[in-house]
Amino acid sequence: MTKTTLICAGLAALALAGAAEAQPRGGARGPTATLYDGPNFTGRSVTIVGEVSNLSSYNFNDKARSVRLEGRWRLCEHSGFEGRCVEQAGDIPELN
């Protein structure tokens, strides 16, 4: 995730390496996104529930290397849901 605000305060995915924006899509139970600062779900982590437009408040902007997504999320490269965005679900062990 290239700027994942996970929790993504706008999470990131695929070819994004540190995403900063993420927005849950669907799911009545409330999707969660857990960001890790290491590959393969290692290192410091933060779990985000609901929309976050900037991961800076989690001290995670441009730091996510892997993510576990419950539900479908819109992950964006920059805060404010700007830049390249993708919709993603599931586990992403390396956000390069």
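The values are calculated or read from the model by the stated rules, or taken from the named source; none is laboratory data. A quick note: this is a predicted structure, and the numbers were derived from the prediction, not measured. All Cβ positions, glycine included, derive from the backbone under ideal geometry; neighbour counts span all protein chains shown. Each accessible area value is taken on the protein alone, full model and side chains, heavy atoms only, with ligands, DNA and RNA left out. Shrake-Rupley method; radii C 1.70, N 1.55, O 1.52, S 1.80 Å.
Among the residues of the stretch 52-89, those identified as closer than 11 Å to Pro31 by Cα, over 10 Å from the mean Cα position of the chain (by Cα) and not basic (Lys, Arg) are Glu70, Gly71, Ala89. For the stretch 72-89, a residue qualifies if it is of a type in the set (Lys, Arg) and in contact with a Leu (Cβ under 9 Å, 6 or more places away or on another chain), and the qualifying residues are Arg74, Arg84. The residue pairs whose first member lies in the stretch 47-67 and is on the phi > 0 side of the Ramachandran plot, whose second member is modelled with pLDDT under 90 and in a loop (DSSP other than H, G, I, E, B), and whose beta carbons are closer than 7 Å, counting only pairs six or more residues apart or on different chains, are Gly50/Gly30.
Regarding the stretch 50-66, can at least one residue be identified that is of a type in the set (Asp, Glu) and in a strand (DSSP E or B)? Scanning the stretch 50-66 turns up no residue that is of a type in the set (Asp, Glu) and in a strand (DSSP E or B).
Looking only at the stretch 40-68, which residues are touching a Pro at 6+ places or on another chain (Cβ under 7 Å) and either closer than 15 Å to Asp91 by Cβ or open to solvent by 80 Å² or more (accessible area, probe 1.4 Å) (or both)?
Selection gives Asn40, Phe41, Glu51, Arg65, Ser66.
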